[in-house]
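Here's the structure, in structure tokens; my notes come after.
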Amino acid sequence: MAENLYVTATEPRSGKSVISLGLMEMLLRNVDRVAFFRPLINGSHSPSKKEHDIRLISQYYKLDIPYEAMYGYKTTEASQLISSGKYEMLLEGIVSKYKALEENFDFVLVEGTDFEGSTSAFEFDINADIANNLGCPVILVAKAYRKTEENVTQSINMTMESLSEKGCNVIAIFINRMEADSNLISKLKKSPSMADYLIYGLPNVDSLGHPTVKEIAEALQARVLYGKELLNRHVSRFGVAAMQLRHVLERVQNGDMIITPGDRADVIVASLAGNFSSSMPRISGLILSGGLIPEPPILRMIEGIKEGIPILSVKENTFEAAREADNVHAVLDPEDSMKMVQALEVFEKNTNIPELREKIIRTNVTILTPKMFEYRLLQKARAHKQHIVLPEGEEDRILQAADILLRRDVVDLTVLGNEQEIRNKITRLDLNLEKINIIDIGKSKFFDDFSETYYQLRKHKRITIENARDNMSDPNYFGSMMVYKGLADGMVSGAIHTTRSTLRPSFEFIKTKAGYSIISSVFFMCLADRVLVYADCAVNPEPNAQQLAEIAVNSAQTALIFSIEPIVAMLSYSTGESGEGEDVEKVRKATAIAQEIVKKNKLGFPIEGPLQYDAATDPTVARTKMPKSEVAGKATVYIFPDLNTGNNTYKAVQRSANAVAIGPVIQGLNKPVNDLSRGATVADIVNTVAITAIQAQAEKDLLKPGK
């Protein structure tokens, strides 16, 4: 079942709040704890004046949620981040605030942006990106009021195209304020492109589209002269009374709010009298313009009328007031009980509630964006904090990553290097690293013990104690020994060292796990809507069949550690039994060995090969080449036959599909050590440290009784 919904619209003032209200009513009948969240709200709102839809939902349904927790950013803050080239940071911040809310609730209803101050194309994109990064199925809201069926259809198609391009999972379309005789819903349902969506039409209800006198007073910053108890009256339209009285009376209609200068005593008296006449329309109120107040005799008359009308006073002249009033749009007010009941009634009467509820229950959102994956890494690492050592403590990027990791309380950290040099850089970079542990190797109390331990472990290789001390002066050796001795749970290096320098100490004394002859690596390939595991793209140039089988099983187990269901494809240049040759035979043999390991150890995940890449990843090709396969078309773990193929493929996918490649992640060691590329960004380092911590957690879990 989906655990969230994202409500977005085709344009401004489409009526999202009515749909959100109806959905909230439906959800609260079926789910115990439901939250409401808006990723972006208008920048003018403050805690003292809450954003309208948050106030509407939280007040009407008495949601006990702090206001600040119910939105991600104000639009002013979001604009600053975007203009500074920090769009990814914006998404990350929204995901972080959403996840904090999600932890305490069974379901979260998310309402998208209001199309204020930006182009429609940008709004479509940002709503799609947010929905995907929150893992939400989408409900689209369109407006039919004063629009042709062709215009509404065009608006829906354009928005659906944008959402589809982003891979969004749209489950329903609501069309608001439709005319009673419209055939639009039946036409849309007959369209093949709309076959997968639920489509509902809500009729135009005049009272829901009309603002109240209170809303007008607030929007115009008007002074309420009389009728404070009548401000919930609805205003159907505005009438400017600038002509002679007889012409004004000819044009007045029920529900009008008359705008007239404050010194027009004739219009004021006639308006009050007209409300008591059975032959005259009943107006909703008066707006007196120009800051003019009626003369005392008129005021005495007004005060003596028991059943009066609301009278507002504004500073603007008549036509300015009329223009501003005409821009006031009706909103739902939780204190306007009549309007709230009407809104819920129109939603429920025109929505097949059981059908929509069933669609939500059956929806399983499988999108996993790079931001979602990275967020899960940090959350998983934080859940059971590990201690990671970073040998390159004098490198700026390492210290900047350390700052992020410690601020987010993801891991405990030790960095190696000259303490004074590191302290100076922390000051220069303006970092908060009070909780970091710094070890200056030459001054460390562990140095002699580490040197002796290394000597004992390697003396059979004719290493002398002097050699041992020299090697232990190297930060990668010292950091690896911290891991070996249990003073750290894992190590990350390579930002300024080669892969050989980083991993060599691990080969010498951390060693490979029992039952494995080699170490290998995986990359997490974060595509727009899913994460795949590629192996081995960094370590083994020409693995033999046995080694390839070990890489496959180890990679599947790594996928499991990171909550990716392992469906393993052994890749080659042919599929099934169609190909011959030494290379394809190696893959065929490796597949058989890997399947035997899985069966013997009751690991329970499918491995098939040889498979071509297209057969492994594309369901259409899979149905042709391997119609009965458990893996073809569904693979999540891709095992390449050699380093040349793997390395080139991951880089090609990274560039051509704009994928985020996280790795290489080293697997097969007794304790986790991971290598950074020398071009690693701060974000790469943060992710790799989190991965290392999660690997350390998994190793400790395996040592628990019963594992």
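Tell me, yes or no, whether the range 268-279 has at least one residue that is in contact with a helix residue (DSSP H, G or I) (Cβ under 9 Å, 6 or more places away or on another chain) and not in a helix (DSSP H, G or I). Reasoning before the result, please.
Here is the first cut: in the range 268-279, the residues in contact with a helix residue (DSSP H, G or I) (Cβ under 9 Å, 6 or more places away or on another chain) are 268-272, 274.
If we keep only those that are not in a helix (DSSP H, G or I) as well, we get none.
Among the residues of the range 268-279, not one is in contact with a helix residue (DSSP H, G or I) (Cβ under 9 Å, 6 or more places away or on another chain) and not in a helix (DSSP H, G or I), which makes the answer no.
Scoring Ala514 on the criteria (1) open to solvent by 60 Å² or more (accessible area, probe 1.4 Å); (2) part of a helix (DSSP H, G or I); (3) without any contact (Cβ under 8 Å) to a residue 24 or more places away in the chain leaves a single failure, condition (2).
Taken together, the residues in the range 457-492 that are in a helix (DSSP H, G or I), hydrophobic (A, V, I, L, M, F, W, C) and closer than 19 Å to Leu390 by Cα amount to 5.
Would you confirm whether or not the range 620-637 contains a residue that is more than 34 Å from the chain's Cα centre (by Cα), closer than 20 Å to Asp536 by Cβ and not basic (Lys, Arg)? Talk me through it step by step, then tell me what you get.
Looking only at the range 620-637, we keep the residues that are more than 34 Å from the chain's Cα centre (by Cα), and these are 624-628.
This time we only want the ones that are closer than 20 Å to Asp536 by Cβ, so: none.
Checked the range 620-637: no residue is more than 34 Å from the chain's Cα centre (by Cα), closer than 20 Å to Asp536 by Cβ and not basic (Lys, Arg).
Please give the number of the condition Glu392 fails out of (1) out of contact with any Ser or Thr (no Cβ under 8 Å at 6 or more places or on another chain); (2) open to solvent by less than 40 Å² (accessible area, probe 1.4 Å); (3) assigned to a loop (DSSP other than H, G, I, E, B). Going through (1) out of contact with any Ser or Thr (no Cβ under 8 Å at 6 or more places or on another chain); (2) open to solvent by less than 40 Å² (accessible area, probe 1.4 Å); (3) assigned to a loop (DSSP other than H, G, I, E, B) one by one, Glu392 breaks only (1). Counting only residues that are farther than 11 Å from Gln667 by Cα and in contact with a Gly (Cβ under 6 Å, 6 or more places away or on another chain), the range 537-572 holds 2 of them. Of all residues in the range 251-265, those that are within 12 Å of Leu286 (Cα to Cα) have Cβ atoms under 6 Å from Cβ atoms of residues that are of a type in the set (Lys, Arg) and in a strand (DSSP E or B), 6 or more apart or on another chain, in Asp256/Arg237. For the range 398-422, taking the residues that are part of a helix (DSSP H, G or I) and over 26 Å from the mean Cα position of the chain (by Cα), the one that is farthest from Val492 (Cα to Cα) is identified as Gln420.
The residue that is nearest to Val141 (Cα to Cα), among those in the range 171-227 that are open to solvent by 50 Å² or more (accessible area, probe 1.4 Å) and touching a residue at least 40 places away in the same chain (Cβ under 8 Å), is Arg177.
Would you call Gly679 small (Gly, Ala, Ser), open to solvent by 10 Å² or more (accessible area, probe 1.4 Å) and farther than 18 Å from Val533 by Cα? I'd like the intermediate steps shown before the answer.
Working: small (Gly, Ala, Ser): yes; open to solvent by 10 Å² or more (accessible area, probe 1.4 Å): yes; farther than 18 Å from Val533 by Cα: yes.
So Gly679 passes the test.
Taking the conditions exactly as written (open to solvent by 10 Å² or more (accessible area, probe 1.4 Å), touching a residue at least 24 places away in the same chain (Cβ under 8 Å) and either more than 20 Å from Val531 (Cα to Cα) or in a helix (DSSP H, G or I) (or both)), does Pro627 satisfy them or not? Outline the logic, then answer.
Numbers: open to solvent by 10 Å² or more (accessible area, probe 1.4 Å): yes; touching a residue at least 24 places away in the same chain (Cβ under 8 Å): no; either more than 20 Å from Val531 (Cα to Cα) or in a helix (DSSP H, G or I) (or both): yes.
Spelling it out, it is not the case that Pro627 is open to solvent by 10 Å² or more (accessible area, probe 1.4 Å), touching a residue at least 24 places away in the same chain (Cβ under 8 Å) and either more than 20 Å from Val531 (Cα to Cα) or in a helix (DSSP H, G or I) (or both).
Among the criteria (1) more than 22 Å from Tyr197 (Cα to Cα); (2) surrounded by fewer than 19 Cβ atoms within 10 Å (Cβ to Cβ); (3) at pLDDT below 90, the one Asp125 does not fulfil is (1). Each residue in the range 274-297 was checked for being at pLDDT 85 or above and surrounded by 17 or more Cβ atoms within 10 Å (Cβ to Cβ), and 9 of them qualify. Mind checking which residues of the range 335-353 are modelled with pLDDT of 90 or more and open to solvent by 80 Å² or more (accessible area, probe 1.4 Å)? Within the range 335-353, Glu345, Lys349 meet the criteria.
Just one of the numbered conditions (1) farther than 21 Å from Gln546 by Cα; (2) open to solvent by 80 Å² or more (accessible area, probe 1.4 Å) is not true of Thr617: (2).
The values are calculated or read from the model by the stated rules, or taken from the named source; none is laboratory data. What you see is a predicted model; the values in this text were computed from it and never measured. Positions of Cβ are generated from backbone atoms using ideal geometry, with glycine treated the same way; all protein chains shown enter the neighbour counts. Just the protein is used for accessible areas: all its heavy atoms, side chains included, with ligands, DNA and RNA removed. Shrake-Rupley method; radii C 1.70, N 1.55, O 1.52, S 1.80 Å.
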